[in-house]
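In what follows, a structure is listed as structure tokens, so that the remarks can point back to it.
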Amino acid sequence: MTVEELGRALSLETVVAGDGGREVTGGYCWVMGRAPAGCVWMTVMGNVNAIAVAVLADVACILLTEASPLDEAAGEKARAQDVAVLRSPRPAYELVLDIGRLLEKEGTP
């Protein structure tokens, strides 16, 4: 499943399109040093540091939970680094469950 497909399946707002064709391999909430490449990073952090961490961790996209804002500088950095940023009003727990179900249906571990 790609970032774009995930966004459609969960009715997520696209804040920064980035690489929407990137394959999603899982989800993660605590990213520093632990997130596997290709995961969806669910966070409330919408600043430039989040973009830097997303690039270092090689996540498929950032998913801002609880309608968290993305500040202007972070948006510019995300566009420059081709980092997709999605947003949902829902909490991370609910989103993790839904992403897990979607990936399981697809056969992604």
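Could we say that residue 54 is of a type in the set (A, V, I, L, M) and in contact with an Asp or Glu (Cβ under 9 Å, 6 or more places away or on another chain) here?
No.
Condition (residue is open to solvent by 30 Å² or more (accessible area, probe 1.4 Å) and in a loop (DSSP other than H, G, I, E, B)) applied to the stretch 38-46: is it met by at least one residue?
Of all residues in the stretch 38-46, those open to solvent by 30 Å² or more (accessible area, probe 1.4 Å) come to 44-45.
Next cut, in a loop (DSSP other than H, G, I, E, B) only: 44-45.
Yes, the stretch 38-46 contains at least one residue that is open to solvent by 30 Å² or more (accessible area, probe 1.4 Å) and in a loop (DSSP other than H, G, I, E, B).
Just checking, does the stretch 82-93 include any residue being surrounded by 14 or more Cβ atoms within 10 Å (Cβ to Cβ) and in a helix (DSSP H, G or I)?
Yes.
When residue 36 is evaluated against the numbered criteria (1) within 12 Å of the chain's Cα centre (by Cα); (2) modelled with pLDDT under 95, which criterion, by number, is the only one it fails?
The failed condition is (1).
Output the residue which, of all residues in the stretch 99-109 that are in contact (Cβ under 8 Å) with a residue 12 or more places away in the chain and out of contact with any strand residue (DSSP E or B) (no Cβ under 9 Å at 6 or more places or on another chain), is least open to solvent (accessible area, probe 1.4 Å).
Here is the first cut: in the stretch 99-109, the residues in contact (Cβ under 8 Å) with a residue 12 or more places away in the chain are 99-100, 102-103, 106, 108-109.
From the residues that got through so far, the ones that are out of contact with any strand residue (DSSP E or B) (no Cβ under 9 Å at 6 or more places or on another chain) too are 102, 106.
On the way: 102: 36, 106: 92 Å².
Ranking the candidates gives 102 first.
Being open to solvent by 10 Å² or more (accessible area, probe 1.4 Å) and not charged (D, E, K, R) is the filter here; which residues of the stretch 69-81 pass it? Give the derivation first.
Keep residues of the stretch 69-81 that are open to solvent by 10 Å² or more (accessible area, probe 1.4 Å), which gives 69-73, 76-77, 79-81.
Result: 69, 70, 73, 80, 81.
Here's the yes/no breakdown for (1) open to solvent by less than 40 Å² (accessible area, probe 1.4 Å); (2) in contact (Cβ under 8 Å) with a residue 12 or more places away in the chain; (3) assigned to a loop (DSSP other than H, G, I, E, B):
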| position | (1), (2), (3) |
| --- | --- |
| 14 | no, yes, no |
| 20 | yes, yes, yes |
| 31 | yes, yes, yes |
| 34 | no, no, yes |
| 53 | yes, yes, no |
| 56 | no, no, no |
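The values are calculated or read from the model by the stated rules, or taken from the named source; none is laboratory data. Quantities reported herein were computed from a predicted structural model and do not represent experimental measurements. Neighbour counts are summed over all protein chains in view; Cβ atoms, including those assigned to glycine, are modelled from backbone coordinates with ideal geometry. When the accessible area is computed, the model is the full protein with side chains, heavy atoms only, and any ligands, DNA or RNA have been set aside. Shrake-Rupley method; radii C 1.70, N 1.55, O 1.52, S 1.80 Å.
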